[in-house]
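The values are calculated or read from the model by the stated rules, or taken from the named source; none is laboratory data. Everything quoted here is computed from the prediction, not taken from an experiment. FYI the Cβ positions are ideal-geometry reconstructions off the backbone, even for glycines, and counts take in every protein chain you see.
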Amino acid sequence: MEYRRLGRSGLQVSALSLGSWLTFGLQIGDDVAEELMTVAYENGVNFFDNAEAYAGGKSEIVMGNILKKKGWDRSTYVVSSKVFWGGTLPNQKGLSRKHVMEACDAALKRLQVDYLDLYFCHRPDINTPIAETVWAMHHLIQQGKVLYWGTSEWTAQEITEAHLVAEKYNLIGPLMEQPQYNMFHRQRFEVEYFRLFRDWGMGSTIWSPLASGLLSGKYNHGMPDEKTRLDLPNLEWLKERVLQEEKLEQARKLETLAKDLGTSLPRLALAWCLKNQNVSTVITGGSKASHLKENLKATEDVAKLTPEVIEQIETILGNKPKLEVF
C-alpha cells in the first residue's frame, strides 16, 4: 500500500481507504462490514471514513463495534466523521457551534473512540457564519476531540473564506476537502480547487471514484440480477444520473481499454484518480470482500497510465476541463 501526506500536514493516509456510505448499517450486514474492514486493514488501509448522517448514525455504531472488537492499536488507523445532517429539529443540523460540538460528542460515542482524526463539515451552511464554524472546529481541536478538520463539497470561495478567518484570528483552518471526483465528475476538483491545492496545500479524500457504480462495469451489459445501491429507497435521483446511455457507452469503451491493459474497469478508474497528485486518498466502498480485494490492487495499475494511455482515456471521455492558471 502507498501512503500519502494529507495536504501539508504530517499525517499519512493510505492511497486507498474504506468508506461506509450506503453500506454499513444499510446495504450489508454487520458481519460483512467486519469482513470488509478486516480485509482493508490487513491490506494496508489505515483510513476509515464515516459520517453522522450515514444510515442515521447506525453506520458509525457498526464501525465503532468493529473497531472495539478488533482492538487494533489506535495509532494504526485514522477514522473520520462528518457533521451537518444530525436530525430534523432546528439545532440538530447545520454547522452552528451548538450542533458541531454536540455532533462531535455523539460521533465519539458511536465510534467508541476518544478522538476523531478527521472531522468534516459535510456541506456548507448558509444559515451559519463561516467564522462561527471555524471557531467551533478550532475549539474541538484544542479540546483534543479532533486532530484535523476539513470540508466536504464546499466551493473554493467558501473554503478560502474559512482559511482567511483562520488567518485573521490565528486559528486552525481546514486541512482537507472531501469532494466527488471521478472520470465523469472532474470540473470542480481539477479547475475550481486548483488554487486551493497550490496556495493552501489542501489535502483531499475523494468519494465516488467509480461514479456510483457506473465505472464498476456492473451496468455495462444491462441491469444485474442482484440488488445494487441504485435499488435502495430514495435513490431514484442517483439511478437517473448514472444510467445514461452516453455514459454507459463510454464505460464500455473504458472497459475494453482496461482489458487491453491487463486490468479491470474499476481498477482503471481508481488508478486514474490516484494518478492525480492532488488526491491524498481515494475512498472505496463495496458490499463484497472479493470486490474490495480486487480493487485494492489498483495501486499497481497507476504505472500503466502512460501519457499515451491517458490520451486514449481523454479521447473516450471528451470532458477534459480547461485550466487557466493565474
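Values as computed for the structure displayed
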| read-out | value |
| --- | --- |
| Condition met for Asn319 (within 21 Å of the chain's Cα centre (by Cα), surrounded by fewer than 17 Cβ atoms within 10 Å (Cβ to Cβ) and touching a residue at least 40 places away in the same chain (Cβ under 8 Å)) | no |
| Lone unmet requirement of (1) modelled with pLDDT of 95 or more; (2) closer than 25 Å to Ser204 by Cβ for Thr23 | (1) |
| Inter-residue pairs, beta-carbon under 6 Å, first closer than 13 Å to Leu268 by Cα and in the stretch 284-307, second outside any helix (DSSP H, G or I) and charged (D, E, K, R), 6+ apart | Thr299/Glu2 |
| Yes/no for Leu215 being of a type outside the set (Ser, Thr, Tyr), in contact with a strand residue (DSSP E or B) (Cβ under 8 Å, 6 or more places away or on another chain), at pLDDT 90 or above and closer than 17 Å to Gly286 by Cβ | yes |
| Selection from the stretch 70-89 of residues that are within 11 Å of Tyr119 (Cβ to Cβ) and either β-branched (Val, Ile, Thr) or at pLDDT below 95 (or both) | Val79, Val83 |
| Total residues in the stretch 180-200, condition under 23 Å from Val79 (Cβ atoms) and surrounded by fewer than 20 Cβ atoms within 10 Å (Cβ to Cβ) | 1 |
| Residues satisfying the stated conditions in the stretch 49-64, i.e. of a type outside the set (Gly, Ala, Ser), under 17 Å from the mean Cα position of the chain (by Cα) and either surrounded by fewer than 24 Cβ atoms within 10 Å (Cβ to Cβ) or farther than 21 Å from Leu11 by Cβ (or both) | Glu52, Tyr54 |
| Residue list for the stretch 1-40, filter: of a type in the set (A, V, I, L, M) and part of a loop (DSSP other than H, G, I, E, B) | Met1, Leu6, Leu11, Ala15, Leu22, Leu26 |
| Residues (in contact with a Ser or Thr (Cβ under 6 Å, 6 or more places away or on another chain) and either outside any helix (DSSP H, G or I) or not polar (S, T, N, Q) (or both)) located in the stretch 292-318 | Asp301 |
| Number of the condition not met by Lys93 [criteria: (1) touching a residue at least 12 places away in the same chain (Cβ under 8 Å); (2) surrounded by 15 or more Cβ atoms within 10 Å (Cβ to Cβ); (3) farther than 19 Å from Trp207 by Cβ] | (1) |
| Matching residues in the stretch 255-274 - criterion: being polar (S, T, N, Q) and more than 15 Å from Leu16 (Cβ to Cβ) | Thr256 |
| Considering residues of the stretch 49-90 that are in contact (Cβ under 8 Å) with a residue 40 or more places away in the chain and among the β-branched types (Val, Ile, Thr) only, the residue nearest to Gln27 (Cα to Cα) | Val62 |
| Answer from Thr263, Thr256 - the residue that is surrounded by fewer than 22 Cβ atoms within 10 Å (Cβ to Cβ), β-branched (Val, Ile, Thr) and over 28 Å from Tyr41 (Cα atoms) | Thr256 |
